[in-house]
Amino acid sequence: IANISHELRTPLTGIRGMVEPLIDGYMDTEEEKQDCYRVIYKETIRLEHLISDMLDVSRLQAGVARMELEEIGVEGILQAARRQILPRAQEAGIEVRVEAGANLTAMADEERVMQVLLILLDNALSFTPTGGAITLYARSEHGGEKTVIGVRDTGTGIESRDLPYIWERFYKSDLSRGKDKKGTGLGLAIVREIIQAHNENINVISTEGVGTEFIFSLPKSDAGR
């Protein structure tokens, strides 16, 4: 409750801080008013994302979020995720590549897998410096019964003291608090719940100053029938 209250208070404080001078008539010029409107809009979107993520975690943990399992082409969804974040990556000077076999498949909820990939890619972009690289890869493992998907970056890595806690709701490392204040601290909690809803697991390997790699498995199409 304390964590939720803190996360809700931050955008609401920003909104109130802009509304009060508008009401009191302290903003004389149209430019000043437009600046206030932009802050209010930005904080409203932040609040909307926070509430949406909170509801998502709640539904997933309660087991009421439906998983529409179907056969998906893994390379296709990796390429689709890459296309979505490519403009941001190019602006940051970060290379994004895909390494996956054309015929690799899995039995999964395509929309939820895309959600997982975009959360992991967003994190990778936030902590990978200019000139770095992010690799989306997939391979068949466990005698062909599982499809393993990974997101690997050459970023700053995760401090060893933070690794045991990164899956907790609202947990933010000191580094993430300083660099990316727009995050809700719910992304990795959502990722873990989605993968567990597929009865699979996700793991992380990270070395400070070298990079981070998130690896999760999905059942192969024939194994899920």
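The values are calculated or read from the model by the stated rules, or taken from the named source; none is laboratory data. Predicted model only: the values in this text are computed from it and were never measured. Neighbour counts run over all protein chains shown; Cβ positions are idealised from the backbone, glycine included. SASA here: full protein model, heavy atoms, side chains in, ligands and nucleic acids out. Shrake-Rupley method; radii C 1.70, N 1.55, O 1.52, S 1.80 Å.
Would you mention how many residues in segment 173-219 are at pLDDT 85 or above and in a loop (DSSP other than H, G, I, E, B)?
First pass over segment 173-219, keeping only residues at pLDDT 85 or above: 186-219.
Next, only the ones that are in a loop (DSSP other than H, G, I, E, B) stay: 186, 198-201, 208-210.
Within segment 173-219, residues that are at pLDDT 85 or above and in a loop (DSSP other than H, G, I, E, B) number 8.
Do we have any residue at all in segment 98-107 that's open to solvent by less than 40 Å² (accessible area, probe 1.4 Å), touching a Phe, Trp or Tyr at 6+ places or on another chain (Cβ under 7 Å), at pLDDT below 95 and aliphatic (A, V, I, L, M)?
Checked against the condition, which is being open to solvent by less than 40 Å² (accessible area, probe 1.4 Å), touching a Phe, Trp or Tyr at 6+ places or on another chain (Cβ under 7 Å), at pLDDT below 95 and aliphatic (A, V, I, L, M), segment 98-107 yields at least one hit.
Working only within segment 82-134, note down all residues that are of a type in the set (S, T, N, Q), part of a loop (DSSP other than H, G, I, E, B) and closer than 19 Å to Arg192 by Cβ.
Kept after step one, since they are of a type in the set (S, T, N, Q), are these residues of segment 82-134: 84, 90, 103, 105, 115, 123, 126, 128, 130.
Still in the list and also part of a loop (DSSP other than H, G, I, E, B): 103, 128, 130.
Result: no residue meets the conditions.
Inspect all residues belonging to segment 159-172 and state whether any of them is in a loop (DSSP other than H, G, I, E, B), among the polar types (S, T, N, Q), touching a helix residue (DSSP H, G or I) at 6+ places or on another chain (Cβ under 8 Å) and at pLDDT below 95.
Looking only at segment 159-172, we keep the residues that are in a loop (DSSP other than H, G, I, E, B), and these are 159-162, 166-172.
Checking the rest, the ones that are also among the polar types (S, T, N, Q) come to 160.
Add one more test, that the residue is touching a helix residue (DSSP H, G or I) at 6+ places or on another chain (Cβ under 8 Å), and what stays is none.
No.
So which residues in segment 52-83 are closer than 27 Å to Leu125 by Cα, open to solvent by 30 Å² or more (accessible area, probe 1.4 Å), in contact (Cβ under 8 Å) with a residue 40 or more places away in the chain and of a type in the set (A, V, I, L, M, F, W, C), if there are any at all?
Met54
Considering only segment 1-46, state which residues are exposed (fewer than 11 other Cβ atoms within 10 Å of the Cβ) and acidic (Asp, Glu).
Asp24, Asp28, Glu30, Glu31
Residues to consider are Glu141, Glu110, Glu168; find the one that is touching a residue at least 40 places away in the same chain (Cβ under 8 Å) and more than 20 Å from Ala80 (Cβ to Cβ). Even if it seems obvious, please write down each step before you answer.
Values: Glu110 fails: more than 20 Å from Ala80 (Cβ to Cβ); Glu168 fails: touching a residue at least 40 places away in the same chain (Cβ under 8 Å).
Sole residue among the options that is touching a residue at least 40 places away in the same chain (Cβ under 8 Å) and more than 20 Å from Ala80 (Cβ to Cβ): Glu141.
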